[in-house]
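*Asks:* Structure provided below as structure tokens; questions to follow.
The values are calculated or read from the model by the stated rules, or taken from the named source; none is laboratory data. Small disclaimer: the values here were computed from a predicted structure and weren't measured. When we count neighbours, we look across all protein chains shown, and the Cβ atoms used for this are built from the backbone with ideal geometry, even at glycine. Note: areas computed on protein heavy atoms with side chains; ligands, DNA, RNA excluded. Shrake-Rupley method; radii C 1.70, N 1.55, O 1.52, S 1.80 Å.
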Amino acid sequence: MEPITIKQVALNDLAQLQQIGQQTFFETFSTGNTDQNMKDYLAESFALTKLTKELQNTNSQFYFALAKDRVVGYLKLNTGSSQTEQQTDDALEIERIYVTKEFHGKKVGQILYDKALEEAQRQQASFIWLGVWEGNARAIQFYKKNGFVEFGQHLFKLGEDEQTDILMKKELSHTTALFDIQPVLENDQVLLLPLKKEDFEELYLTASDPKIWEQHPNTDRWKKEVFENFFEGALKSHGAFKIVDKLTGKVIGSTRFYDYKHLDNSILIGYTFYAVSHWGKGINTLVKKTMLNYAFQFVDQVYFHIGANNIRSQIAISRLGAEKIAEEVMPYYGEAPRLNFVYSISKNAWKELF
């Protein structure tokens, strides 16, 4: 199967959004609806003026699923007052998740749903919900498989025809009481200590070397004002570490756990960098092994986001047994979105290797 890339939709993608929206809705619902009702709905719901307003709404987000450069599916999320049915302010709605007929059965829908769940977790949503047409047995089964339960109904109007949607929801848990994602970790050579506000100057002494960032998604992080934003995001993740050389006592880098998903039993490791003086000395391997050995006491899967141009890190993580599973344009705290490669390793695979 072609690798699927997730990309957030921007205003300059408007024509593609209209096209994929109309195509997938027609493919899904044209059978059983009159031509006129379908024509009226497509014209109204996917009008360029309407889509423009939706894209400009800060409480709504669209994402494309791309196979190479071709849009093969899309996702729309709503929060707050933009939800189509009034729910709590900390809920997240999946308003649309559609895949072209050609790509049915190729896990694209699951990838889009996983993106929705990732956003819900990132926003600390209390639950995720949606409406699905009562006649769409395939979609209902998909959501039940992913842990959704029915909690109500509402009417959906397609042209002159009133239809019933089943409302489904999935409660989300963000508790990490059993899994502390910011413990003190150590091995023979380094300490991983929870990052604190007062660590900024010491860590910036390391981070101010431009060479560190040459292959990272943002090559300007060596600049103090840019690194201040990076550091703020690290603190807000509540899973960041400073890495200390036990021999010298100096701070030589940073890494973090983030996006712990209790329901999926997974976590991400990333945002790692080291002083150039410690490259090629096996420090990264030791740090990653220490973090993975700890994480796999609590989760079944660990993921890594690695910048598309960061060849050094891609090689390093592959040597630890992680496999590339996807490409995704991901947002960064206070920075522009960048293309990342997604790598993954399971607890079982880790046990076999180490």
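*Asks:* If you check every pair at least six apart or on different chains, which have Cβ atoms under 7 Å apart with a residue in segment 31-53 that is within 26 Å of Asn12 (Cβ to Cβ) first and a residue that is modelled with pLDDT under 90 second?
*Replies:* Tyr41/Leu158; Tyr41/Gly159
*Asks:* Within segment 291-298, can one find any residue that is over 21 Å from the mean Cα position of the chain (by Cα) and in a loop (DSSP other than H, G, I, E, B)?
*Replies:* yes
*Asks:* May I ask you to verify whether Asn218 is in a loop (DSSP other than H, G, I, E, B) and closer than 28 Å to Leu117 by Cβ?
*Replies:* So Asn218 fits the description; yes.
*Asks:* Give the number of residues within segment 266-317 that are among the β-branched types (Val, Ile, Thr) and touching a residue at least 40 places away in the same chain (Cβ under 8 Å).
*Replies:* So the count comes out to 9.
*Asks:* Is it true that some residue in segment 333-340 is polar (S, T, N, Q), surrounded by 19 or more Cβ atoms within 10 Å (Cβ to Cβ) and either in a strand (DSSP E or B) or at pLDDT below 95 (or both)?
*Replies:* yes
*Asks:* For the subset of segment 141-158 comprising residues that are closer than 22 Å to Lys261 by Cα and basic (Lys, Arg), which member is least open to solvent (accessible area, probe 1.4 Å)?
*Replies:* Checking each candidate, the answer is Lys144.
*Asks:* Given the conditions (1) surrounded by fewer than 17 Cβ atoms within 10 Å (Cβ to Cβ); (2) modelled with pLDDT of 95 or more, which single one is not true for Arg138?
*Replies:* (2)
*Asks:* Only one of these is in a strand (DSSP E or B), open to solvent by 40 Å² or more (accessible area, probe 1.4 Å), over 18 Å from Leu203 (Cβ atoms) and in contact with a Phe, Trp or Tyr (Cβ under 8 Å, 6 or more places away or on another chain): Ile306, Ile267, Ile325. Name it.
*Replies:* Only one candidate passes the filter, namely Ile325.
*Asks:* Pairs, please: C-beta under 8 Å, at least 6 apart or cross-chain, first residue β-branched (Val, Ile, Thr) and in segment 216-241, second open to solvent by less than 30 Å² (accessible area, probe 1.4 Å) and in a helix (DSSP H, G or I)?
*Replies:* Thr219/Trp213
*Asks:* Here's another thing I want to ask about it. Tell me which residues, restricted to segment 1-27, are open to solvent by 20 Å² or more (accessible area, probe 1.4 Å), hydrophobic (A, V, I, L, M, F, W, C) and closer than 24 Å to Pro337 by Cα.
*Replies:* Within segment 1-27, Ala10, Leu11, Leu14, Ala15 meet the criteria.
*Asks:* Given the conditions (1) in contact (Cβ under 8 Å) with a residue 40 or more places away in the chain; (2) more than 18 Å from Ile111 (Cβ to Cβ); (3) surrounded by 16 or more Cβ atoms within 10 Å (Cβ to Cβ); (4) within 21 Å of the chain's Cα centre (by Cα), and given that Trp350 satisfies all but one, which numbered condition is not satisfied?
*Replies:* Among (1) in contact (Cβ under 8 Å) with a residue 40 or more places away in the chain; (2) more than 18 Å from Ile111 (Cβ to Cβ); (3) surrounded by 16 or more Cβ atoms within 10 Å (Cβ to Cβ); (4) within 21 Å of the chain's Cα centre (by Cα), the lone unmet condition for Trp350 is (4).
*Asks:* A further question on this structure: Give Glu95, Glu134, Glu118, Glu85 a once-over and let me know the one that is more than 19 Å from Gln163 (Cα to Cα), touching a residue at least 12 places away in the same chain (Cβ under 8 Å) and of a type in the set (Asp, Glu).
*Replies:* Of Glu95, Glu134, Glu118, Glu85, the one residue that is more than 19 Å from Gln163 (Cα to Cα), touching a residue at least 12 places away in the same chain (Cβ under 8 Å) and of a type in the set (Asp, Glu) is Glu118.
*Asks:* Looking at (1) touching a helix residue (DSSP H, G or I) at 6+ places or on another chain (Cβ under 7 Å); (2) open to solvent by less than 70 Å² (accessible area, probe 1.4 Å); (3) of a type outside the set (Lys, Arg); (4) at pLDDT below 90, find the lone condition where Asp89 falls short.
*Replies:* (2)
*Asks:* When you scan segment 1-61 for helices (runs of 4 or more DSSP H) that lie fully inside it, which ones turn up with 3 or more residues that are modelled with pLDDT of 95 or more and not aliphatic (A, V, I, L, M)?
*Replies:* Answer list for segment 1-61: 14-29, 48-56.
*Asks:* Going through Leu247, Leu205 one at a time, which residue ends up being assigned to a helix (DSSP H, G or I) and open to solvent by 40 Å² or more (accessible area, probe 1.4 Å)?
*Replies:* Leu205
*Asks:* Which residue out of Asp161, Asp180 is within 30 Å of Gln36 (Cβ to Cβ) and either in contact with a strand residue (DSSP E or B) (Cβ under 6 Å, 6 or more places away or on another chain) or open to solvent by 40 Å² or more (accessible area, probe 1.4 Å) (or both)?
*Replies:* That would be Asp161, the only listed residue that is within 30 Å of Gln36 (Cβ to Cβ) and either in contact with a strand residue (DSSP E or B) (Cβ under 6 Å, 6 or more places away or on another chain) or open to solvent by 40 Å² or more (accessible area, probe 1.4 Å) (or both).
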